[in-house]
Amino acid sequence: MDHTEDAYHAPDKPLIHSDFLQQLVVCLPMGAMVVNTEARILFVNDSLVDILGYSSDELLNADIDMLLPISFRENHKNLMQQFFKHPRKRQMGVGQSLFARKKDGGHIPIEIGLNPIEQDGQTFVLATLIDLTTRQRASDMFQRSIQSAPHGVLVVSSEGTIRLTNEALCQCFGYQSEALIDQPLDMLLPERYRKHHDQLRDSFHQNPTPRMMGVGRDLTALHKDGREFPVEIGLSPFADEEGNEMVLVSLLDITLRKRMEQELRETNTNLEEFTYVASHDLRSPLRGIADLLDWVKEDLGPDALPDVSRNLDRIEVRIQRMEQLIDNLLTYARAGKIESNTQDININTLLDNVMELLAIPAGVTITRDIQLEQFTSVWTPLETVIRNLISNAIKHHDQETGNLFIRCVAENNMCHFSICDDGPGIPEAAFSRIFRLFQTVTSNERSGTGIGLSVSRRLVETHGGRISVESNQHQRGVTFHVWWPRFLRKDTHD
């Protein structure tokens, strides 16, 4: 046979029809060879040459044992004799990991099919060889991906048996991996779920699609110590290498999230209760005191002693301050509610509106550098924040003339506002304190209730942004920074 063709046969071995073998071997899409009862290689194809790295001349008439790892050679002849005694088409080494030895000495994972051939009273075997290196590499990558996942992962068979797990899941449940493999998934479920789980699993496999499990339900899993913990579970069906239906289960322990949600609900409830008390139980008696004060003034008339009149006026001022305090508390509480009415915002238009509402002194110069002119967000909360910052800068300036620089740029997914003044500045030690409720810098340097910056921070953070302040480097004053989301998000704009 011409060696330039795609199949090769051993010279001087006309044991079977070479044309038949050549056509048979060449047409196979995987590595293939024909071996006789003496374990000699009679034919090979190009695919086998490429897989093993030998030339065809090196393979033809060679003992097949040269292609086996050394540890497999001792018993191979006996296995071949048993095969030729009862030849039948089958896979070799079912359930075992098989390897072939390449010319360079390296071993590759393989899958071998054995097909007996009868020709002129003699028996041969057509061995097909598939290189599983790529498949093995993909399998190893799949295994590593599962093991390195930051959340719990299980691979479960269609019968509900655990086939694979990772360290994160073992930590969630308190088991070692060996204690979970080949065990029923039901061992991780609370007892009350188990009687219905088989039915739910069968229903899932009738229409296997990736989805979250138990949407809208409060799912819990069973720890080794008998306690239940809240979880979120995702299901992803797939078929393994042998075509078996499997499910990739991703599990997230949400205990901390549930605890934080509960604490947040309690905090919001307390705040709502406090708001109700402030708006009703405090305001009503305060108005009663103010009415009594008016009656006392009427009874005293214009002839009241100066000291008495002065003290009554002081009481009236205190009542007004208390009413303002209540209003400020209500404003702060309402600032924690997310506004969902979004619209296209033109920054210059927003600033124009702010300037119309503020009394800008003649000596104050305001400069703008607006590089992001328009984006979609909520108008009122953003306008409130910007107005508070500009108003503070003007109100607390200690000189007749001053400069205010307002800048707006796009910064990643945020709209970055900076409001820089040349006023007296703020001590760095007070940077964090000024954003707290009812906090001012000092009583003699600042006037006000200490509510504006705390409301601003609450509005910014509620809508997914952040706010900070820093001292200016090359001039007096400070710069306030506001990062406001410039893209709509489901968690803040639903």
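Quick notes
- Model label zone, residue 135; criterion: amide N under 18 Å from point 7 Å along Cα-to-beta-carbon; scope the range 77-121: 90-101, 107-115
- All Cα pairs of the range 7-131, percent lying beyond 19 Å: 43
- Solvent-free Debye calculation, one equal scatterer per alpha-carbon of the chain: log10 I(q)/I(0) at 0.07, 0.08, 0.14 Å⁻¹ equals -0.71, -0.80, -1.26.
- Other residues within the sphere of radius under 13 Å centred on the Cβ of residue 136, judged by their own Cβ, net out at -1 (K and R +1, D and E -1).
- Distance between the pseudo-spin-label points of residue 255 and residue 84 (7 Å out from Cα toward the beta carbon): 6.5 nm.
- The Rg/Rh ratio for the range 237-307 is 1.70, where Rg is the radius of gyration of the alpha carbons and Rh is the Kirkwood radius.
- Of 254, 394, the sequence from fewest to most neighbouring Cβ atoms within 10 angstrom is 254, 394.
- Ordering 358, 126 from the fewest to the most neighbouring beta carbons within 10 Å gives 358, 126.
- Overall, the range 165-296 carries a charge dipole of about 400 debye about its Cα centre when +1 sits on the Cβ of Lys and Arg and -1 on the Cβ of Asp and Glu, all other atoms neutral.
- Rounded D (µm²/s) - the range 136-253, Kirkwood Rh over Cα pairs, Stokes-Einstein at 4 °C, 1.567 mPa s: 89
- Compared with the dominant Cα axis of the chain, that is its longest principal axis, helix 133-148 is turned about 30°.
- Residue exposure proxy: 480, 83, ordered by other Cβ atoms within 10 angstrom of their Cβ from fewest to most, comes out as 83, 480.
- The range 360-403, Rg to Rh (Cα coordinates; Rh as Kirkwood inverse mean 1/r): 1.05
- The calculated FRET efficiency for the pair residue 26 and residue 107, based on their C-beta separation and a Förster distance of 25 Å, comes to about 0.40.
- Full-stretch length increase - residue 308, residue 370 - with 0.36 nm per residue and alpha-carbon distance subtracted: 16.7 nm
- Between residue 158 and residue 433, the FRET efficiency from the beta-carbon distance, with R0 = 56 Å, is close to 0.40.
- Relative contact order computed over the range 258-334 (Cα-Cα under 8 Å; 6+ residues apart), in percent: 55
- Average Cα contact separation per residue, the chain, under 8 Å, 6 or more apart, as relative contact order %: 7
- Quarter of the Cα convex hull surface for the range 342-493, i.e. its orientation-mean projected area (nm²): 8.8
- Structural descriptor for the range 136-253: relative contact order 27 percent, calculated from alpha carbon pairs under 8 angstrom and at least 6 residues apart.
- The range 234-242 - phi-based ³J(HN,Hα) in whole Hz, Karplus 6.51/-1.76/1.60, Gly and Pro as x: x, 10, 9, x, 7, 10, 7, 4, 9
- Taking each DSSP H run with n ≥ 4 as -39500 (n - 2.57) and averaging over every residue of the chain yields -11500 deg cm²/dmol at 222 nm.
We did not get these values from a lab; they are worked out from the coordinates using the rules stated. Owing to the predicted nature of the structure, the values given are computational and were not obtained by experimental measurement. Quick reminder, even Gly has a Cβ in these numbers, built from the backbone with ideal geometry, and neighbours come from all protein chains shown.
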